[in-house]
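Written below as structure tokens is the structure these notes are about.
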Amino acid sequence: MPSLSEETNGAVKMLQPGATIGIVGGGQLGRMMAIVAKYRGFRIGVLDPTPDCPTAQVADFQVVGEYDDKTAIHDLAEKSDVLTYEFENVDADAIDEVRHLVAAPQGTDLLRVTQDRINEKTFINRHGIETAPWREVNDFDELEAAIDELHYPCVLKTRSGGYDGHGQHVLRNDTDLEKIRARGDRGGGFPPSILEGFVDFAFEASILVSGNGEDYVTFPMVRNDHRNNILHITVAPAEVSDELHRQAQDLALRLAKGFELAGTLAIELFITKDGRVVVNELAPRPHNSGHYTIEACSIDQFDAHIRGIAGWPLPEPKLLSPAVMVNVLGQHVAPSRALIGSHPEWNVHDYGKAQVRHNRKMGHITVLTDDTAQTVADLEATGVWDDLK
Ligand code: AMP
């Protein structure tokens with residue numbers, strides 16, 4: 001596991017308006033970063049293979065290329081003062097290779113830790129923070145031995161590359177285990193993996209923390225409901241005791257300090273039935289569960305990200321109003337658009353994606369409310385999200 005070196009987070013000091021921020025990845029997260037960066041007067045470049053991708057629509061220029069195309073990353077670096085990324089599966093070596101050309105305030109250790117579930121769990125545990133119990137497993141024999149220790153049910157995940165439940169198997173009994181063996185026997189191989197004990201959670205939550213390499217601020221903890229492993233609804237704030245909120249904030253600040261964080265980090269959590277806060281995984285960037293901050297907080301997660309990588313001071317985020325955020329997936333685009341005219345309370349966000357596909361994140365809607373349970377019920381009653389019931 002990489003150790004955090006002195007020069008890792010070569011923090012930028014007060015990047016001036018007019019400077020150029022290069023974003024690797026041109027999806028909705030890059031787009032929302034770019035929009036707020038424009039308020040601050042920064043210029044935006046984006047690297048993405050799709051011309052006119054969501055970020056390019058609001059950027060000053062696009063380098064069209066694959067995310068791991070070293071020539072394209074070099075090109076973006078040459079044209080930028082600061083480099084950032086909107087997803088964690090960026091080639092860390094490629095970023096390191098251009099650091100003589102451009103500042104990368106987030107460093108690449110943060111990427112190397114969060115790209116690899118074993119590095120990630122090791123880092124979290126070393127900071128005295130609880131995760132699911134876990135074992136590294138690289139072949140079927142190691143898997144059997146790990147199950148003997150962790151017992152069923154447990155979750156087998158690939159070390160890297162998985163997202164939204166891809167590359168994951170819940171193992172409940174020997175029949176499930178045999179399926180993994182059969183897959184290997186059919187030539188499917190056994191990718192480097194991690195076995196996690198199953199966390200008996202009451203609900204899933206997340207908390208965002210942002211930093212500028214020196215100071216760190218947290219956002220309120222929120223509750224997240226998933227469907228088919230994709231975030232469906234976020235309720236802000238999570239309805240938990242002050243003590244649980246404090247615990248989540250405390251662990252978020254410890255992780256941020258550990259990373260000397262610049263920018264925004266999302267921490268996905270399980271709240272257990274016996275009231276413990278357990279970290280599931282980290283995302284070194286703004287996160288879907290933080291979109292509510294755009295309307296509901298005094299500073300939003302994208303603004304905090306941009307200010308953090310620019311070396312600006314960060315104000316303490318305040319929740320201005322409770323809120324509910326619901327994702328608009330491909331199948332929800334037409335029915336939700338049909339209702340915009342009758343819902344002035346909907347803060348509609350559309351990511352400008354050319355292709356509408358089933359389960360693709362196309363936009364989201366945030367509603368500010370004094371009664372989050374009623375608002376969730378009202379949203380569900382529209383019928384737009386019936387396919388997820
Ligand atoms: P992940 O890709 O690690 O975020 O996992 C996707 C989803 O699978 C999570 O949001 C949980 O609902 C579930 N999950 C993952 N790991 C565990 C675990 N160790 N125990 C219980 N549920 C889990």
Among the residues in the stretch 305-326, are any assigned to a helix (DSSP H, G or I) and out of contact with any strand residue (DSSP E or B) (no Cβ under 6 Å at 6 or more places or on another chain)?
yes
Given (1) assigned to a helix (DSSP H, G or I); (2) free of Cβ contacts under 8 Å to residues at least 24 places away in the same chain; (3) within 16 Å of the ligand (Cβ to nearest atom), where does residue 175 come up short, assuming only one miss?
(3)
Here is a check on your reading of the model: is residue 231 hydrophobic (A, V, I, L, M, F, W, C), more than 12 Å from the ligand (Cβ to nearest atom) and assigned by TED's automatic domain parsing to the domain that holds residue 297?
no
Have a look at 283, 304 and point out the one that is of a type outside the set (Lys, Arg) and more than 16 Å from the ligand (Cβ to nearest atom).
304
List pairs: first residue in the stretch 264-278 and over 11 Å from residue 290 (Cβ atoms), second residue open to solvent by 10 Å² or more (accessible area, probe 1.4 Å) and not in a strand (DSSP E or B) anywhere in the structure, Cβ distance under 6 angstrom, at least six positions apart or on different chains.
270/199; 273/200; 277/247; 278/130; 278/199
Give me a count of the residues in the stretch 145-172 that are within 26 Å of residue 113 (Cα to Cα) and either over 26 Å from the mean Cα position of the chain (by Cα) or in a loop (DSSP other than H, G, I, E, B) (or both).
14
Count of residues meeting criterion [touching a residue at least 60 places away in the same chain (Cβ under 8 Å) and under 13 Å from residue 284 (Cα atoms)] in the stretch 89-103
2
Of the numbered conditions (1) within 14 Å of the ligand (Cβ to nearest atom); (2) in a helix (DSSP H, G or I); (3) surrounded by fewer than 18 Cβ atoms within 10 Å (Cβ to Cβ), residue 202 fails exactly one; give the number of that condition.
(2)
Out of the residues in the stretch 233-247 that are touching a residue at least 12 places away in the same chain (Cβ under 8 Å), not hydrophobic (A, V, I, L, M, F, W, C) and not in a loop (DSSP other than H, G, I, E, B), which is least open to solvent (accessible area, probe 1.4 Å)?
234
Of the residues that sit in the stretch 144-172 and are open to solvent by less than 60 Å² (accessible area, probe 1.4 Å) and at positive phi, which one is farthest from the ligand (Cβ to nearest atom)?
161
Count of residues meeting criterion [aliphatic (A, V, I, L, M), crowded, with 20+ Cβ neighbours inside 10 Å and within 16 Å of the ligand (Cβ to nearest atom)] in the stretch 96-128:
2
Restrict the check to the stretch 330-345 and report whether at least one residue is open to solvent by less than 40 Å² (accessible area, probe 1.4 Å), of a type in the set (Ser, Thr, Tyr) and not in a strand (DSSP E or B).
yes
Which of the following residues is at pLDDT 95 or above, away from the ligand (no atom under 15 Å from the Cβ) and surrounded by fewer than 15 Cβ atoms within 10 Å (Cβ to Cβ): 250, 141, 225, 185?
250
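The values are calculated or read from the model by the stated rules, or taken from the named source; none is laboratory data. Model, not experiment: these values are computed from the prediction. Quick reminder, even Gly has a Cβ in these numbers, built from the backbone with ideal geometry, and neighbours come from all protein chains shown. Side chains are part of the model used for accessible areas, which takes the heavy atoms of the whole protein and leaves out ligands, DNA and RNA. Shrake-Rupley method; radii C 1.70, N 1.55, O 1.52, S 1.80 Å.
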